[in-house]
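Okay, structure first, notes after.
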Amino acid sequence: MQIHLKTLGCRLNEAELETWAQAFQASGHSITRNINDAQLVVLNSCAVTQDAVKKSKQSIRRIHRDNPQAKLVVSGCYATLNESEAAQLMGVDLIVSNKDKNQLVEKTLAELNMDSMPAMSTEPGEVSLFSRGRQRAFVKVQDGCRYRCTFCIVTVARGEERSRPIQNVLDEINALHSQGINEAIITGVHLGGYGSDIASNLVELITEILDKTRIPRLRLGSLEPWELPDGFFELFKNPRLMPHLHLPLQSGSDSVLKRMARRCKTEEFSQIIKLARTTIPHFNITTDIIVGFPGETEQEWQESIDYIRTIGFSHIHIFSYSPRAGTAAAVFPNPVSQELKKQRSKQLHELAETMKQAFIAENISTQVYVLWEGHTEILSNGNIRYFGYTPNYLRVSCDVTQEIQLENKITLVELIKADGDFIGARLAQ
């Protein structure tokens, strides 16, 4: 059976997709990138914002329109929070809620009568990552969150914290590496809370991965800026742990952070950033900011902008606040007008671009190792342009002759010039 997997939203959804893909293949089925070839489509939906809900519904309709003969399984946060609505959408054959995600493959094959004598995969050891054109893999180590930020619906959808045993994570990473994957990205809903339910912590997990796997590059997904265990930044002295963190700030105003029920004030956040940058040069910090949270005054907005400028992020995911039913903030007074949110968002986008270019400029003339992707561009002179990422998560391009094969290789380059959203590089001599 040919199976097409699609995801919306966060890296955790990506990690779950990888797990399902390998489980389907272990059952003898194959993964296809072409939805029209699929007999089964699985959608991992999102509901982090109202726009995400809209996109999830649109994706379901589009999948059914593009391939009405395929069975359609929908999981993820939209399907969990709006189960009856999702189930009634045209073409949906099965809903698998977040709490049953670990059994999605088994449920799908059994309940849709697809578990009878599948054809075995023609390529032993081939995994979904290659059929989907990937050099890195998302590895889910944790799910759920014990905190309740007032804007967040995801903790409602994902439930309480649950951590995977360290040995399971090690086995998955070693299997991925044996199949040619060169970078593992560790993900979770509340990654900093890893181990809270199994008498462990994130430092122990990362230490074990670095000690007991040989995968060349290890990267951390989005990480809330609190509960970082002692010794956390010392881990980054190991060159296999990539010096980049996505730390969601959400606001640079302490009074807004209090209304959000965030557990990290600006002063504490500043100390985290200082420690990261003191430990490793060119450490890259990216973040999320919510614009127009209920009651956000002009003074609070100015505090936020000033603080963000002081920190100097290389990239900001900017979200205009939208109320989510089921969250505390949905009924907060003094909503910010759409026009004002639009103005503030524009101001922040301009600042974010300035900071991004400043960080790129800081990295020019350095030599770094880049993991090259398979997506290439053939230039008019016959050379090939490869794209890849530095350890600190800057996108790099490099032009080479056709004899030089870089796909999924890690090579030393010199960063030579800024080129829009990426950096031009040349192979080091």
Fill in: Odd one out for Leu412, checked against (1) modelled with pLDDT under 95; (2) farther than 30 Å from Asp306 by Cα
(1)
Discussion item. Tally up the residues in segment 413-429 that are farther than 23 Å from Pro216 by Cβ and outside any loop (DSSP other than H, G, I, E, B), please.
Written reply: 5
Worksheet entry | Among (1) outside the structural domain of Arg158 (by TED's automatic domain parsing); (2) touching a helix residue (DSSP H, G or I) at 6+ places or on another chain (Cβ under 9 Å); (3) at pLDDT 95 or above, the one test that Ser320 misses | (3)
Discussion item. Here is a list: Arg11, Arg33. Which entry is among the basic types (Lys, Arg) and modelled with pLDDT of 85 or more?
Written reply: Arg33
Worksheet item: Is there a residue in segment 40-57 that is modelled with pLDDT of 90 or more, of a type in the set (Ser, Thr, Tyr) and farther than 18 Å from Gly159 by Cα?
Response: yes
Worksheet item: Of the residues that make up segment 274-293, is at least one aliphatic (A, V, I, L, M) and without any contact (Cβ under 8 Å) to a residue 40 or more places away in the chain?
Response: no
Response to the item:
Restricting attention to segment 107-151, the residues that are surrounded by fewer than 21 Cβ atoms within 10 Å (Cβ to Cβ), at pLDDT below 50 and of a type in the set (Val, Ile, Thr) number exactly 1
Fill in: Cys149 being over 19 Å from the mean Cα position of the chain (by Cα) and closer than 16 Å to Pro248 by Cβ
yes
Discussion item. Kindly evaluate Ala361 against the criterion of being of a type in the set (A, V, I, L, M, F, W, C), in contact (Cβ under 8 Å) with a residue 60 or more places away in the chain and either farther than 30 Å from Pro281 by Cα or surrounded by fewer than 18 Cβ atoms within 10 Å (Cβ to Cβ) (or both).
Written reply: no
Worksheet entry | Pro68 vs. criteria at pLDDT below 90 and not assigned by TED's automatic domain parsing to the domain that holds Asn13 | no
Worksheet item: In segment 339-358, is there at least one residue being of a type in the set (Ser, Thr, Tyr), over 24 Å from the mean Cα position of the chain (by Cα) and surrounded by fewer than 20 Cβ atoms within 10 Å (Cβ to Cβ)?
Response: no
Practice prompt. Mind counting the residues in segment 162-191 that are more than 26 Å from Phe332 (Cβ to Cβ) and under 19 Å from the mean Cα position of the chain (by Cα)?
Written response: 16
Worksheet, complete the sentence: Selection from segment 291-325 of residues of a type in the set (Gly, Ala, Ser) and out of contact with any Leu (no Cβ under 7 Å at 6 or more places or on another chain) yields Gly295, Ser304, Gly312, Ser314, Ser320, Ser322, Ala325
Fill in: Val331 vs. criteria among the hydrophobic types (A, V, I, L, M, F, W, C), touching a residue at least 24 places away in the same chain (Cβ under 8 Å), in the same structural domain as Glu267 (by TED's automatic domain parsing) and within 30 Å of Arg158 (Cα to Cα)
no
Response to the item:
Of the residues in segment 43-74, those that are within 16 Å of Glu16 (Cβ to Cβ) and either free of Cβ contacts under 8 Å to residues at least 40 places away in the same chain or not small (Gly, Ala, Ser) (or both) come to Leu43, Asn44, Cys46, Val48, Val73, Val74
Practice prompt. Return a yes/no flag: does segment 165-177 have any residue that is in contact (Cβ under 8 Å) with a residue 60 or more places away in the chain, in contact with a Pro (Cβ under 9 Å, 6 or more places away or on another chain) and either farther than 29 Å from Lys265 by Cα or assigned to a strand (DSSP E or B) (or both).
Written response: no
Item to complete: Return only the number of the condition from (1) surrounded by 15 or more Cβ atoms within 10 Å (Cβ to Cβ); (2) in contact (Cβ under 8 Å) with a residue 60 or more places away in the chain; (3) not in a helix (DSSP H, G or I) that Gly180 does not satisfy.
Response: (1)
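The values are calculated or read from the model by the stated rules, or taken from the named source; none is laboratory data. Just so we're clear, the structure is a prediction, and the values are computed from it rather than from any experiment. All Cβ positions, glycine included, derive from the backbone under ideal geometry; neighbour counts span all protein chains shown.
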